[in-house]
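Okay, structure first, notes after.
None of the figures in this text is laboratory data; all of them are computed from the coordinates on show. Computed from a predicted structure; not experimentally measured. Note that we place each Cβ from the backbone using ideal geometry, even for glycine, and neighbour counts take in every protein chain shown.
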Amino acid sequence: MPELPEVETVRRGLAPVMEGQRIALAELRRTGLRWPFPERMAERLTGARVERLRRRSKYILGDLDSGETLLIHLGMSGRMLISGTPLGKFHHEHPAPEKHDHVVLHMESGARVTFNDARRFGAMDLFATGDDAAHMLLAKLGPEPLGNAFNESHLVAAFKGKSAPVKAALLDQHIVAGLGNIYVCEVLHRAGINPQRKAGRIAAAKVAGLVPIIREVLLQAIASGGSSLKDYRQADGELGYFQHTFRVYDREGAPCPTPGCTGTIRRIVQSGRSSFYCPVCQR
Ligand SMILES: [Zn+2]
């Protein structure tokens, strides 16, 4: 499932093909994904120019010159493919449509952007530009972890009195937007905090220390996504998935990578999801 760094990588990959470019034709091959597409989506997209491609949490938002914003959510298995891009160095032939190619944006430049989603948990929507805060998927999101509103005092206040485990608190999208299971495991390992600790029982200084660690973990992942982007564009034009080496995620039984630590990575299940942590250096 793509997390924030993967979505940001997709956004950066799409930007040179979409920003400033007009959608010559929007082709819908079905009537919806997780939810039905908005009414007349193809007509509303066709002819519109994408002025800016931005990201909020795990949503890609394209502001159009028609006064509407296109929302793209990759869901569990969504992929974006670029073909025939004449703008970059790499040229990918337009592939024959595949079974799970649900939406194709034919750009005026000749490039094509294809949304492929085998499991169809993804989404596309249109709403009036500027109305982010009223959109059902965006309304309740907390601050962006890489933005200024996410800071030490915000996190300390959000954790105060919380009896939920710190793992759950960091996954709570009201507290911070876009953090998912993988990166929360990585953050807590670097911070030396056991994922089962009650959020409200952790010392304020230690909670404050999570803020720079969250930024560092996400920025490192975005940076490695950026380098993979080049490879993907050279390979087949597909954006969004890249191999990371995680320190604890999916490494049950491996030795803890913390220098000097003799622990072994353990997996537990919290709220139905796997947590990976080191019982020795995460207290
Ligand atoms: Zn350890």
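Using Cα pairs under 8 angstrom and six or more residues apart, how large is the relative contact order of the stretch 61-188, in percent? Numbers along the way, then the final one.
Working: 178 pairs, mean separation 28.7, N = 128.
Worked out over the stretch 61-188, it gives 22 percent.
Relative to the present Cα-Cα distance, how much length would full extension add between Gln220 and Ile268 at 0.36 nm per residue of separation?
On the way: separation 48, 0.36 × 48 = 17.28 nm, distance 2.56 nm.
14.7 nm is the gain from fully extending Gln220 to Ile268.
Once you've got the GNM for the chain with C-alpha springs shorter than 10 Å, pick whichever of Lys99, Lys206, Lys160 has the biggest mean-square fluctuation. Checking each option, the largest mean-square fluctuation is seen for Lys99. Rounded to the nearest whole Hz, the Karplus-based 3J(HN,Hα) values (6.51 cos²θ - 1.76 cosθ + 1.60, θ = phi - 60°) of the stretch 16-24 follow the sequence x, 8, 9, 5, x, 9, 8, 8, 6, with x at glycine and proline.
Taking the centroid of alpha carbons for each part, the stretch 114-152 and the stretch 181-219 are 23 Å apart. When the Gaussian network model of the chain links Cα atoms closer than 10 Å, the mean-square fluctuations of Arg55, Arg40, Arg251 top out at Arg40. Against the main long axis of the alpha-carbon atoms of the chain, helix 181-191 sits at an angle near 40°. Taking other C-beta atoms within 10 Å as the exposure proxy, Thr264, Thr114, Thr129, Thr31 rank Thr31, Thr264, Thr129, Thr114 from fewest upward. When Ser109, Ser153 are sorted by how many other C-beta atoms sit within 10 angstrom of their C-beta, beginning with the fewest, the order is Ser153, Ser109.
Net length available on complete extension from Lys99 to Glu27 is 24.5 nm, with 0.36 nm assigned per residue and the Cα-Cα distance removed.
Using a cut-off of 15 Å between beta-carbons, work out the net charge of the residues near Arg119 (Lys and Arg +1, Asp and Glu -1, Arg119 not included). Result for the neighbourhood of Arg119: +2.
What percentages make up the Cα-Cα pair-distance distribution of the chain when the bins are 10 Å wide from 0? Spelled out bin by bin, the chain gives 6, 27, 31, 21, 12, 2, 0 percent. Counting only DSSP H runs of at least 4 residues, each contributing -39500 (n - 2.57), and dividing by the residue count of the chain, the helix-based mean residue ellipticity at 222 nm comes to -8500 deg cm²/dmol.
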